1. Hey, could you pull the Cα Rg and Dmax for region 54-115, both in Å?
2. Just want the ordering: 71, 37, 51, from fewest to most Cβ atoms lying within 10 Å of their own Cβ.
């Protein structure tokens, strides 16, 4: 399983107020917030996939969905894309979609969101 530079001990200890940053293997203050958040997302996805779970990743706009699809395709072989303009591998373990698409699927009771 890819670790994306993190493991659970690092994530939890990074936020342990009882430890100083010199004792913490990952000093969260030295990592740009966006980078750290993205590493946490990728780690959570990898963990879910290892547990044979499906992960729906949503973004607010199509351009960001397309960008995340390209980024995640390198790390996760089972990635898909669902936007108003494109549908790639909709039954993938990690479908990436806009929140608007997910909302529509929820209203329609799509099987993907019932799993």
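Every read-out reported here was derived from the displayed coordinates using simple, explicitly stated rules and does not represent laboratory data. Worth saying up front: this structure is predicted, and the values here are computed from it rather than measured. Cβ sites come from the backbone with ideal geometry, for glycine too, and all protein chains shown count toward neighbours.
1. 10.6, 32
2. Fewest-to-most Cβ neighbours within 10 Å comes out as 51, 37, 71.
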